[in-house]
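Visitor: Pasting a structure here, questions to come.
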Amino acid sequence: MLKKVRLFTPGPTPLLPSAQLAMAAADIHHRTPEFRAIYQRVLSQLKEFIGTKNDVILLASSGTGAMEAAVSNLTSPGDRVLVLSAGKFGERWVSLAKAFGCEVDVVSVPYGQTFSIEEVRARNTPDVRVIFVQSTETSTGARHCIENIAALSRDSGALLVVDAITGLGTTHFDVDGWGIDVIIGGSQKAVMIPPGLAYCAVSDRAWQRMETSRSPRYYFDLRKERKSAAKGESAYTPAVALIAALGAALDYIAATSGGNIAQGRDALIHNAEVTAEMTRAALTAMGLKLFAPTAPASAVTAVLAPDGMDSGAIVKGFKEQFAGVLSNGQGEMKGQIFRVAHLGFFDYLDTIAMIGGLEQVLSQLRGRDLLGVGLKVAQQVYARRRGTSLAQLLEADQRCSCGRPAADCAATMATVSA
């Protein structure tokens, strides 16, 4: 049978066709009025997509470049910072902060779990200058409660930096209302274009901190980028084709909701929430266990391999039979979990096809007939969710931004604040 290569990975994700066409047509010099118009429009659209009035910066780098920029621009050697670490990307914050000479305090929880707000508050001492955290820990499929963490940072005066590289477009954020000082996104995620662009929104508090921070920086000097962006340019040679693709992707997102980018973003979030719930229900019905069941992300679902089975066998079987690409676990979780993405250009039929393929692979590996088991419950989830808005989805589930029941987070925060 024919096999089409299909990515079900949390980055890179499937590419939007109109973005690919925009890249192919992007034969334009970056110091011209034509490019300045595109650049300014994309920066304006990104503000709407992120949901902020803060300045937005684009960098020709992976998301890790924006993470490094956040550390180098906001800290000085010897500064005490607090890193909330629950997986490989939390550990990346630790490494970056140490590389720039920070004194790093870490709130660490086992992979697949999320943080105790009480412990975060206890460790957020008055001398903490910056808090670094993921919104979604992509290596484990766990989602963290940014709203409550932001409340703690506001109370203490620490800046809050959020790696939302897989969070933007899959999770609701009130960036300005919550007081997130830097929020970071990446091109190869929910905006459906290739890797190579990072973007971040930066608060006034963060810009003020940059004037006194003493860490070295050159290419990743956000002040240079801000000054250039005001003129419709980047400080250095930009990724012209990727910026054209990003403009096409944001146009597509807006077009899904009558030209309104914010509403289109909410529709994108809704899509991720529904396809993630379909996937979780299907895999659970097939007898598999979720790796982050208490705070599941809508960007990616991490699943434990059956007892005695290497998750690599599932990843390999899925690729050999269907040319589909799943993600194995990272680091110490390799061989123990596999990960399925829901962010960006995935739809109902993609999800159904992926579940059907996994039924075939798991039936052969486990010696049990699982055909139709996951597909039935996935379709029941879709039928129940069909036609609901994001607001209705959140209201029905009564969920916090971390994906847990809102009552749990509200009760925790009330206890901590008392």
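Please treat every number below as a calculation from the coordinates, not as lab data. Please read all numbers here as calculations on a predicted model, not as lab measurements. Reconstructed Cβ throughout: ideal geometry from the backbone, glycine too, with neighbour counts over all protein chains shown.
Visitor: Distance in nm between label sites at Ala230 and Ala99, each 7 Å beyond Cα in the beta-carbon direction?
Guide: The modelled label-to-label distance comes out at 3.0 nm.
Visitor: Farthest toward the dipole's positive end in region 83-210, which of Ser203, Gly112, Ala150, given Cβ charges of +1 (Lys, Arg) and -1 (Asp, Glu) about the Cα centre?
Guide: Going by the charge dipole, the pick is Gly112.
Visitor: With angles folded into 0 to 90 degrees, how steeply does helix 406-417 sit against the dominant principal axis of the chain? Use alpha carbons for both and round to 10.
Guide: Once rounded, one gets 40 degrees.
Visitor: Put a dot 7 Å past each Cα toward the Cβ at Gln208 and Asp176; how far apart are the dots in nm?
Guide: For Asp176 paired with Gln208, the spin-label model returns 1.7 nm.
Visitor: Roughly speaking, what is the stretch gain from Asp307 to Ala262, that is 0.36 nm per residue apart minus the C-alpha to C-alpha distance, in nm to one decimal? Provide the component values of the computation, followed by the final result.
Guide: Details: separation 45, 0.36 × 45 = 16.20 nm, distance 4.34 nm.
Extending this stretch completely gives an extra 11.9 nm.
Visitor: Explain nothing, just the number: dipole magnitude of region 1-139 about its Cα centre with +1 on each Lys and Arg Cβ and -1 on each Asp and Glu Cβ, in debye rounded to the nearest 20.
Guide: Values: 15 positive and 13 negative charges, 105 e Å.
Computed charge dipole of region 1-139: roughly 500 debye.
Visitor: Ordered by residue, what ³J(HN,Hα) values in Hz, to whole numbers, does region 249-255 give under the Karplus form 6.51 cos²θ - 1.76 cosθ + 1.60, where θ = phi - 60° and Gly and Pro are x?
Guide: Listing the rounded values in order: 5, 5, 4, 4, 4, 5, 5 Hz.
Visitor: I've got another one for you. For Lys334 and Leu21 in one chain, what is 0.36 nm times their gap in residues minus the Cα-Cα distance, to one decimal in nm? Intermediate values should be presented prior to the final figure.
Guide: Working: separation 313, 0.36 × 313 = 112.68 nm, distance 3.60 nm.
Using 0.36 nm per residue and subtracting the Cα-Cα distance, I get 109.1 nm.
Visitor: Still on this structure, I have one more. Provide the per-residue ³J(HN,Hα) series for region 261-278, in order, calculated from phi with Karplus coefficients 6.51, -1.76, 1.60 and θ = phi - 60°, each as a whole number of Hz, with x at glycine and proline positions.
Guide: For region 261-278, the Karplus curve yields 5, 4, 5, x, 4, 4, 5, 5, 4, 4, 4, 5, 4, 6, 5, 5, 5, 4 Hz.
Visitor: About the Cα centre, and with charges only on the beta carbon of Lys, Arg (+1) and Asp, Glu (-1), how big is the dipole of region 143-265? Nearest 20 debye, please.
Guide: Details: 13 positive and 12 negative charges, 66 e Å.
Dipole about the Cα centre, nearest 20: 320 debye.
Visitor: Val130's amide H: which non-local residues (gap 5+, or another chain) put their own amide H closer than 5 Å, with H modeled 1.01 Å from N in plane and none for Pro or chain starts?
Guide: Leu82, Leu159
Visitor: Let me ask something additional. Taking Lys316 as the anchor, which aspartates and glutamates have their alpha carbon closer than 17 Å to its alpha carbon, excluding any fewer than eight residues away along the same chain?
Guide: Glu359
Visitor: Near Lys334, which aspartates and glutamates are there with a Cα under 13 Å away, not counting those fewer than 8 places off in the same chain?
Guide: Here the aspartates and glutamates satisfying the reach criterion relative to Lys334 are Asp310.
Visitor: Is the shape of the chain rounded, prolate or oblate, going by the alpha carbon gyration tensor and its root eigenvalues a ≥ b ≥ c, with a/c under 1.5 for rounded and a/b larger than b/c for prolate?
Guide: Working: a/c = 1.70, a/b = 1.26, b/c = 1.36.
Here the chain falls in the oblate category.
Visitor: State, as an integer percentage, the relative contact order of region 17-255 based on alpha-carbon contacts under 8 Å between residues 6 or more apart. Before the final figure, lay out each step's value.
Guide: Numbers: 475 pairs, mean separation 73.4, N = 239.
Across region 17-255, relative contact order equals 31 percent.
Visitor: Report the residue, chosen from Gln321, Gln45, Gln379, that carries the largest GNM mean-square fluctuation when the chain is represented by alpha-carbon nodes joined by springs under 10 Å.
Guide: Taking springs between Cα atoms under 10 Å, the residue moving most is Gln321.
Visitor: With the dipole of region 221-262 worked out from charges on the C-beta (+1 for Lys and Arg, -1 for Asp and Glu) around the Cα centre, which of Leu250, Ile261, Ser234 lies farthest toward the positive end?
Guide: The residue sitting farthest along the positive end of the dipole is Ser234.
Visitor: Right, next: Could you pull out every one of the lysines with an alpha carbon less than 27 Å from that of Lys231, ignoring same-chain neighbours closer than 8 positions?
Guide: Reachable lysines: Lys47, Lys53.
Visitor: Toward the positive end of the charge dipole of the chain, about the Cα centre and with charges on Cβ (Lys, Arg +1; Asp, Glu -1), which of Met333, Met309, Pro293 goes farthest?
Guide: Met309
Visitor: In the Gaussian network model of the chain, springs joining C-alpha atoms below 10 Å, which of Arg226, Arg368, Arg92 carries the largest mean-square fluctuation?
Guide: Top of the fluctuation ranking is Arg368.
Visitor: A further question on this structure: Calculate the length of the line joining the C-alpha centroid of region 324-355 to that of region 264-319, in whole Å.
Guide: 7 Å
Visitor: Treating only the Cβ of Lys, Arg, Asp and Glu as charged (+1, +1, -1, -1), what charge dipole size does the chain show about its Cα centre? Round to the nearest 20 debye.
Guide: 580 debye
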